[in-house]
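Remarks on the structure that follows.
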Amino acid sequence: MKTISITALLILATLLVFAQSPASYVNPFIGTNEMGHTYPGATVPFGMVQLSPETDTIQYSVGQGYVKDVYRYCAGYQYSDKTIVGFSHTHFSGTGHSDLGDFLVMPTTGRVQLNPGTAAHPESGYRSRFSHDSEVAKTGYYSVTLSDYNIKAELTATSRVGFHRYTFPESIQANIILDMVAGIYNYDGKVVWSSIRVENDTLITGYRQTQGWARERSMYFAMVFSKPIRNYGCRDEAKLAYSDFYRKFNTTKDFPEMSGRKLKTYFSFDTKNGEQILVKFALSPVSTEGALKNLQAEIPGWNFDQVRQQAENEWNKELSRITIEASDEKKINFYTAMYHAFLSPTLFMDVDGMYRGLDHNNHKAEGFENYTTFSLWDTYRALHPLFTLVQQKRTSDMINSMLAHQQQSVHHILPVWSHYANDNWCMIGYHAVSVIADAYMKGIPGFDPQKALDACLASATYAPNDGIGDYMKYGYVPADKSSNAASKTLEYAYDDYCISQMAAKMGKADIEAAYAKRAQAYNYTWDAGTGFMRALRSDGTFQSPFDPLSTERQGFIEGNAWNYSLYVPQDPMKLIALHGGNKKFIAHVDSLFNVKLDEKHFAESEDITAAGLIGNYVHGNEPSHHVPYLYVFAGAPWKTQERIHQIVNTMYRNATDGLCGNDDCGQMSAWYIFSSIGFYPVCPGSNEYVIGAPSVEKATINLENGKQFTVKATNLNEKNIYIQRIILNGNTLNGYILKHEEIMNGGTLEFVMGAKPKK
């Protein structure tokens, strides 16, 4: 009897373990404090709607001056804040600049107030105090109690529709505010125009056009209440020179057409204690008609809990593409990283395939789903390579989206930073090339290779863009003709390598040769006298004065010469040779981690903080992400293993400030995913991964071809961090390179771990 009881308990325990879904480990609050720039709100994988709270209304600029504190609010939310302004429907995750925050909704009771108030005096506006004790954030769900109104707010979402559920107290004046002016990185005049139509007593439609990071961006909506509106009204805080004959009406109250540059609206109800008012809020990049179609297709009914469960199911499906065995703490960090990695790029089309193109005409996506939010300078490094493993169909859709962008571009080039039918031109390089070439080299189908190669060539030869004309003329970007010249030269050279690889596979020998030569451009920036990459002037002299630690006026962007002198991912062996061989190269990389970097060297950089530093190694920013893996090429893989172990365990934590820098649309998270499993794409486009050091006992990659690739770490613990032996499908793997096709074929990769380095 006793034995049976124990057995039963063991079975129960096993069932409970299996009952823990990947989504249950996700903590959306990770990165919501300080500079992670993530948001805690409700969304589905790659969804067009990101329904999340805003905790303050810091302006991007006042007068002509940039307000530095706005940088903390790239995602609209800071965990340390004490008030909530409202809930808006679009957000970037982890970016170092921002926009969006469209269509802010806020439930209130009592006298209607149409200004947000201040954090110090929330009662002066419609915002409310809140406590984290009442706050819940899960995959596809967010809730909080708005203390000043005793209203419980709950949010969930589908791909194109935000779903609100507000539980009100008894009130003869219950309000739902719709602020058409509010936004992230806002400034006076950002809203070019907004318009609202009250179609009937439950249906509201409208749009707004903004000018911000996206120079010309329009979004449309359809808003439906579960209860008829009692009355409504608006205020336009902008003074128009010409009001037409609308002046014969009182357009501020119960008038069904509302429009203006600074439009704020309210909708009022009577509520009983505990009464719930639900709001469905659909978005469209095309039209209010498109928004209505999206709403009807995705949430035809009013079952909030059903939609919430559907969102969680979608997350479990996507998060299960990689499953791991590890401690609960590691599972939280890992699955949250997966969650953040699958937030963007974002869907940008209606259910009927219509979307707003770069030419600001409406197009229909034929044979693919259209995406936006391509932060390519960040994400080409690890996020898109991750997608080539676990999101192959979406990868082809994303490439087709880029090709459509190129066709619609008046410049006829691929996106630099794709942003809601705009290119905001943020950062350097033509890294869409890397994404396309990497996918092509890995055999991902679903796009036209010739069209893709032509688009890559067009981007690589568009002379007006960011020093490319001079790059083609001189073989490098001259420092006296372009800022950040050294970084551009190095990154253009890598992109050119990707083109040469793609051309070689396609049998285009002339293109291969030309771009293989361009891929050697890094040699121009190498200064043997100092042992660093440097910005070169058009007369062939290096820019001076030179400080390898400084991030200012040295020809580099978001990094210094010490970091960028290790950026030749396409030719690490030549890089080692330039440094004088393995021994000197290892010493140089060691110095990167060991040198003390004074804060003065990065004081002017928003994207580099002390939290993301190990010596002079900047993990909180992207240019150095491949660096720990370079030891492998110099014959010191144990040093890679030490550094990966250090970074994984110190730079990623289960805390609101648990990210050491901007997540940058999932790049930081993708680095963690790869590095936790045990390998990393140092050079996307090469079809090779460099083996680092696993930090989970077991990881299973569930491939779209139906096969599984399992990674095991035998004897792994906090002391056993060094790889003693690597076994691939029963055979010892000589070396530290894993090929893409070896993963796609399925099988088992085993790391035998030990406490001492294997030298």
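Data overview
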quantity	calculated
Residue that is touching a residue at least 40 places away in the same chain (Cβ under 8 Å) and closer than 27 Å to Q554 by Cα, where the choices are P637, P628	P628
Enumeration of residues in segment 85-119 that are of a type in the set (A, V, I, L, M, F, W, C) and surrounded by 24 or more Cβ atoms within 10 Å (Cβ to Cβ)	V85, F87, F92, L100, F103, L104, M106
Hits in segment 605-619 - residues which are free of Cβ contacts under 8 Å to residues at least 40 places away in the same chain and in a loop (DSSP other than H, G, I, E, B)	G615
T395 vs. criteria surrounded by 24 or more Cβ atoms within 10 Å (Cβ to Cβ), of a type in the set (V, I, T) and under 20 Å from G658 (Cα atoms)	no
Matching residues in segment 215-265 - criterion: being in contact with a His (Cβ under 8 Å, 6 or more places away or on another chain) and surrounded by fewer than 19 Cβ atoms within 10 Å (Cβ to Cβ)	E216
Qualifying residue in segment 561-583 (condition: buried (at least 21 other Cβ atoms within 10 Å of the Cβ), under 21 Å from D378 (Cβ atoms), among the hydroxyl-bearing types (S, T, Y) and at pLDDT below 95)	no
Residue in segment 679-698 that is of a type outside the set (A, V, I, L, M, F, W, C), surrounded by fewer than 22 Cβ atoms within 10 Å (Cβ to Cβ) and within 19 Å of T323 (Cα to Cα) present	yes
Qualifying residue in segment 549-564 (condition: of a type in the set (S, T, Y) and either in a helix (DSSP H, G or I) or without any contact (Cβ under 8 Å) to a residue 40 or more places away in the chain (or both))	yes
Filter result for the condition that a residue is of a type outside the set (S, T, Y) and not in a helix (DSSP H, G or I), over K280, K317, K293, K330	K280
Among (1) of a type in the set (A, V, I, L, M, F, W, C); (2) touching a Lys or Arg at 6+ places or on another chain (Cβ under 9 Å); (3) over 25 Å from A174 (Cα atoms) - the single one L292 does not satisfy	(2)
Residues of segment 397-425 classified as touching a helix residue (DSSP H, G or I) at 6+ places or on another chain (Cβ under 7 Å) and not aliphatic (A, V, I, L, M), total	5
Test: residue in segment 181-195 that is in contact with a Pro (Cβ under 8 Å, 6 or more places away or on another chain), modelled with pLDDT of 95 or more and surrounded by 13 or more Cβ atoms within 10 Å (Cβ to Cβ)	yes
Pair list, Cβ < 6 Å and 6+ apart or interchain, from segment 679-703 residues that are under 25 Å from E718 (Cβ atoms) and in contact (Cβ under 8 Å) with a residue 60 or more places away in the chain to residues that are part of a strand (DSSP E or B) and of a type in the set (K, R)	K698/K712
Qualifying residues in segment 593-613 (those that are touching a Ser or Thr at 6+ places or on another chain (Cβ under 8 Å) and not small (G, A, S)) - the one nearest to L659 (Cα to Cα)	I608
Hey, A504 in contact with a Gly (Cβ under 6 Å, 6 or more places away or on another chain), more than 20 Å from L414 (Cα to Cα) and either among the basic types (K, R) or not in a loop (DSSP other than H, G, I, E, B) (or both) or not	no
Any hit, segment 508-516, residues being modelled with pLDDT under 95, among the hydroxyl-bearing types (S, T, Y) and crowded, with 18+ Cβ neighbours inside 10 Å	no
Checklist (1) assigned to a loop (DSSP other than H, G, I, E, B); (2) out of contact with any Lys or Arg (no Cβ under 9 Å at 6 or more places or on another chain) applied to E622, failing item	(2)
Answer from A463, A485 - the residue that is surrounded by fewer than 24 Cβ atoms within 10 Å (Cβ to Cβ), of a type outside the set (S, T, Y) and in contact with a Gly (Cβ under 6 Å, 6 or more places away or on another chain)	A463
Positions within segment 348-383 being under 30 Å from Y680 (Cα atoms) and either in a loop (DSSP other than H, G, I, E, B) or outside the structural domain of M402 (by TED's automatic domain parsing) (or both), in sequence order	F348, F368, E369, N370, T373, Y380, R381, A382
Which numbered condition D539 misses (of (1) surrounded by fewer than 18 Cβ atoms within 10 Å (Cβ to Cβ); (2) under 20 Å from V568 (Cβ atoms))	(2)
Criterion violated by G469 - all others in (1) over 23 Å from M502 (Cα atoms); (2) free of Cβ contacts under 8 Å to residues at least 24 places away in the same chain satisfied	(1)
Subset of segment 384-411 that is hydroxyl-bearing (S, T, Y) and either part of a helix (DSSP H, G or I) or outside the structural domain of P345 (by TED's automatic domain parsing) (or both) - its residue that is nearest to P45 (Cα to Cα)	T395
Odd one out for F269 among (1) at pLDDT below 95; (2) out of contact with any Gly (no Cβ under 9 Å at 6 or more places or on another chain)	(1)
Counted residues, segment 585-604 - those being assigned to a helix (DSSP H, G or I), in contact (Cβ under 8 Å) with a residue 40 or more places away in the chain and in contact with a helix residue (DSSP H, G or I) (Cβ under 9 Å, 6 or more places away or on another chain)	6
Flag if S218 is modelled with pLDDT of 95 or more and more than 20 Å from W302 (Cβ to Cβ)	yes
Flag if Q570 is assigned by TED's automatic domain parsing to the domain that holds Y680, more than 24 Å from I614 (Cβ to Cβ) and within 27 Å of the chain's Cα centre (by Cα)	yes
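Residues are listed down the side, and each one gets a yes or a no for (1) outside any helix (DSSP H, G or I); (2) under 25 Å from S686 (Cβ atoms):
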position	(1), (2)
I436	no, yes
I444	yes, yes
A452	no, yes
M472	no, yes
A479	yes, no
S500	no, yes
Y515	no, yes
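A quick yes/no check of all residues on (1) among the aliphatic types (A, V, I, L, M); (2) within 13 Å of G429 (Cβ to Cβ); (3) in contact with a Cys (Cβ under 8 Å, 6 or more places away or on another chain):
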{"site": "V477", "(1), (2), (3)": "yes, yes, no"}
{"site": "N484", "(1), (2), (3)": "no, yes, no"}
{"site": "K488", "(1), (2), (3)": "no, yes, no"}
{"site": "A493", "(1), (2), (3)": "yes, yes, no"}
{"site": "D496", "(1), (2), (3)": "no, yes, no"}
{"site": "M502", "(1), (2), (3)": "yes, no, yes"}
{"site": "M506", "(1), (2), (3)": "yes, no, no"}
{"site": "A516", "(1), (2), (3)": "yes, no, no"}
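Here's the yes/no breakdown for (1) hydrophobic (A, V, I, L, M, F, W, C); (2) more than 28 Å from H37 (Cα to Cα):
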site: D352; (1), (2): no, yes
site: L376; (1), (2): yes, no
site: Y380; (1), (2): no, no
site: F387; (1), (2): yes, no
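The values are calculated or read from the model by the stated rules, or taken from the named source; none is laboratory data. These numbers come from a predicted model, not from an experiment. Heads up, the Cβs are rebuilt from the backbone with ideal geometry, glycines too, and the neighbour counts pull from every protein chain shown.
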